[in-house]
Amino acid sequence: VTDRSSIQFRMLNRSKGPAMWSPRSQCDRMKFSANWREILENMPNLSMWQDSVNGLLTEQDGDMTRVTGVKTALGAQFTARAVVLTAGTFLNGLMHVGRVMVAGGRVAEPASYGLTEQLRDLGFQTDRMKTGTPVRIDGRTIDWSLTSRQDGDTDFHHFSYMPQCRSQLKQRPCFTVYTNPETHRILREGLPDSPLYNGQIQSIGPRYCPSIETKIVTFADKQEHQLFIEPEGETTQEYYLNGFSSSLPLDVQIRALQSIPAFRNVQIYRPGYAIEYDFFPPTQLFHTLETRLVKGLFFAGQVNGTTGYEEAAGQGLVAGANAALTVQGRAPFTLRRDQAYIGVLIDDLVTKGVDEPYRMFTSRAEYRILLRQDDADIRLTPIAAELGLVSPERMQLMQTKRNAIDSLIEFAETCSVRPEAINATLEQLETSPLRQSVKLAELITRPQLSIEILAAAIPQLQERISQLPAELSDEIVEAAQIAIKYRGYIERERMVADRLGRLDHVVLKGKLDYSTITALSTEARQKLTSHQPETVGEASRIPGISPSDINILLLLLGR
């Protein structure tokens, strides 16, 4: 298993799953050292080795190549029945600042060589992508009086649903500034030395997080672009200038920054830069993220053509879990498109491939109403429990929350509200008064009303809320309210998902020789032969496969 930089290798054994990666900077190590001591104490079978992996160990298993381990630059060899490659931007990485080119996977960190070439020899297709990163600024040189403060959220929503998992770090605000016509003039003058526009970079770049030079070219009519000044840590003075990703020469970047009033005396820690790196088109993967060509070898992260930390983390979880399941001889693990955004992401990668660095957007999911924030733990915790990825305590907490939500919904569906108890509140909110008693759930569906508003007027509801677990009360009320207000939409989308999901249970792989089916379009024959989809559902999501092609496949399968 490799991380994005120095490449860590962890053995996967029969009783334990894949380990977390090592913090990558000295600052991180200091901050999380206590957590790592606890992790290591609870994982006695974990062993670690810091080195650069430059090759895979493989053997032939009949017609299939199987991974048997890795070899390193220091000459060490580690045998393993599963290996996960998560090399990020480091495979043959090349950084660009203007016309200056430096080999590396990140500033001051060397590129990784050898793996791409070996995988190409094993039959893998490879290609190049480009991404970029913004300038890092010394906060002591920013005129904060000329910025606009942007505070973070302070409500009950958190990244973790576990009450005890709350960040102990001090929340720091972000700030915004804007570019101006003078900024754009300086940037435009530097375009002849931009690797993106002088032919120096030929690889595919991201559409959805463009560089500042791309913005001024694509949106030439815009007089300003918003930039976010984001702190890199709790105590550091280093700031990340979101929106100013650039590969322009160093002097151009500094002059452009100094044309922004808040940055007139700015000093930087390092410039923005573009980086080119190798990736492997993800249509060469199964939905488990195991490669089709080498048994036991898994890919995750930017080597699959994605960009972004969250996209990499989601893939790492799926690849790591499946690597452990492979070693344990257990059934593989996948997520459907109607179960999780990770399922949408991986299905898009495997069935559609990529023509630019992939980002996970809600618009890519056809079942967005089912993939809500409020029920993510209820959707996914039972799946994680079956895999052994969550503790019994966590599973019990989720079940307690689910029971409380169901109980609150049931109360709303059975509790009657009389007109005299609520009409004064309804008239005050300019919504129609009641003429007769109705169920509480019917009132909750009104757009002007919420459970919190109704609780102030209905003592029984307020009492019921007060009985909820204090640390989960807000989450439970929100989840119950969403379930009641949008029940019709949720149920309709679930019906659609179930109907289309039945195609994912019609096994296709190995049953048909597509090249001989003349009723299929030429494009369909070529793509089905190349991709070899596991199911009819997967085949239906391959670009170029039409509904009529799917009907022909179902007919040939006797369905």
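Which of the trypsin sites (Lys or Arg not before Pro) found in segment 115-166 are loop residues per DSSP with 16 or fewer other Cβ atoms within 10 Å of their Cβ? Before the final figure, lay out the partial values.
On the way: sites: R120, R128, K130, R136, R140, R149, R166; in loops: R166.
Filter output for segment 115-166: R166.
Which aspartates and glutamates, on any chain, are close to K215 with Cα under 18 Å apart, when same-chain ones fewer than 8 places away are left out?
Leaving aside aspartates and glutamates fewer than 8 places away in the same chain, those within reach of K215 are E182, E189, D193, E224, E356.
How long is the gain from Q532 to E310 if the chain were fully straight, where each residue apart is worth 0.36 nm and the alpha carbon distance is subtracted? Each step should come with its number before you reach the end.
On the way: separation 222, 0.36 × 222 = 79.92 nm, distance 2.86 nm.
So the extension gain works out to 77.1 nm.
Can you pull the one-decimal nm distance between simple spin-label points at D63 and C415, each 7 Å off the Cα toward Cβ?
6.4 nm
Considering only protein heavy atoms, what per residue accessible area in square angstrom results for segment 467-530 with a 1.4 angstrom probe?
Values: 3870 Å² over 64 residues.
Using a 1.4 Å probe on heavy atoms only, each residue of segment 467-530 averages 60 Å².
If you average 1/r across every pair of different Cα atoms in segment 120-279 and take the reciprocal, what Kirkwood value do you get, in Å? Show your work: numbers first, answer last.
Working: mean 1/r = 0.0571 Å⁻¹.
Taking the inverse mean of 1/r over all distinct Cα pairs, segment 120-279 comes out at 17.5 Å.
For segment 148-294, what is the accessible area per residue in Å² when the probe is 1.4 Å?
Details: 7330 Å² over 147 residues.
On a per-residue basis, 50 Å².
With charges only on Cβ, +1 for K and R and -1 for D and E, what is the dipole size of the chain about its Cα centre, in debye, rounded to 20?
Values: 61 positive and 66 negative charges, 165 e Å.
Dipole magnitude for the chain comes out near 800 debye.
Give me the percent of the accessible area of segment 226-290 that comes from carbon and sulfur atoms, probe 1.4 Å, all protein chains in place.
Values: 1050 of 2280 Å².
Whole-percent figure for carbon plus sulfur exposure: 46.
Heavy atoms only, probe 1.4 angstrom, no DNA, RNA or ligands counted: give me W144, W49 ranked by accessible area, highest first.
Numbers: W144 80, W49 100 Å².
Per-residue accessible area, sorted high to low, gives W49, W144.
Based on the Cβ-Cβ distance of N180 and V100, what FRET efficiency does E = 1/(1 + (r/R0)^6) give at R0 = 25 Å, to the nearest 0.05?
Numbers: r = 27 Å, r/R0 = 1.09.
Calculated value: 0.40.
Given the C-alpha centroids of segment 47-88 and segment 441-484, what is the distance between them in whole angstrom?
54 Å
Given labels modelled 7 Å from the Cα in the Cβ direction, how far is it in nm from E442 to N423?
Each label point is offset 7 Å from its Cα along the Cβ direction, giving 1.5 nm.
Are there any trypsin sites (Lys or Arg not before Pro) in segment 79-118 that are in a DSSP loop and have at most 14 other Cβ atoms within 10 Å? List them by number. Don't skip to the end; give the middle numbers.
Numbers: sites: R81, R99, R106; in loops: R81, R99.
Of the trypsin sites (Lys or Arg not before Pro), the ones in loops of segment 79-118 whose Cβ has at most 14 other Cβ atoms within 10 Å are R99.
Semi-axes of the equivalent ellipsoid of segment 71-115: what are they in whole Å, largest first, if each equals the square root of 5 times a C-alpha gyration tensor eigenvalue? Kindly include the intermediate steps, with their values, before the conclusion.
Working: eigenvalues 146, 25, 10 Å².
Equivalent ellipsoid of segment 71-115: 27, 11, 7 Å, largest first.
If I compute volume of the Cα convex hull per residue in Å³ from the structure I just sent, which labelled value in (1) 145; (2) 159; (3) 205 lines up?
Checked against the structure: label (3).
So for the chain, taking the charge dipole from beta-carbon charges (+1 Lys/Arg, -1 Asp/Glu), which of I490, G544, Q460 sits furthest toward the positive end?
Checked the options; the winner is G544.
Rounded, prolate or oblate: which fits segment 316-421 when a ≥ b ≥ c are the square roots of the eigenvalues of the alpha-carbon gyration tensor, with rounded for a/c under 1.5 and prolate only if a/b beats b/c?
Details: a/c = 3.95, a/b = 1.58, b/c = 2.50.
Cα axes put segment 316-421 in the oblate bin.
Taking the highest mean first, how do the peptides 389-398, 349-358 order by number of other beta carbon atoms within 10 angstrom per residue?
Details: 389-398: 14.8, 349-358: 19.3.
For the peptides 389-398, 349-358, the packing ranking is 349-358, 389-398.
Between Y197 and R270, what is the label-point separation in nm under the 7 Å Cα-to-beta-carbon projection?
Here the answer is 2.6 nm between the modelled labels.
Would any residue of segment 386-416 have its amide N under 14 Å from a label point 7 Å out along Cα→Cβ of Q164? List them or say none.
Counting only backbone N, you get 391-398.
The values are calculated or read from the model by the stated rules, or taken from the named source; none is laboratory data. Predicted model, so just to flag it, every value in this text is computed and none were measured. Counting neighbours? That spans all protein chains shown, and the Cβs are built from the backbone with ideal geometry, glycine included. In case anyone asks, the SASA skips ligands and DNA or RNA and just uses the protein heavy atoms, side chains included. Shrake-Rupley method; radii C 1.70, N 1.55, O 1.52, S 1.80 Å.
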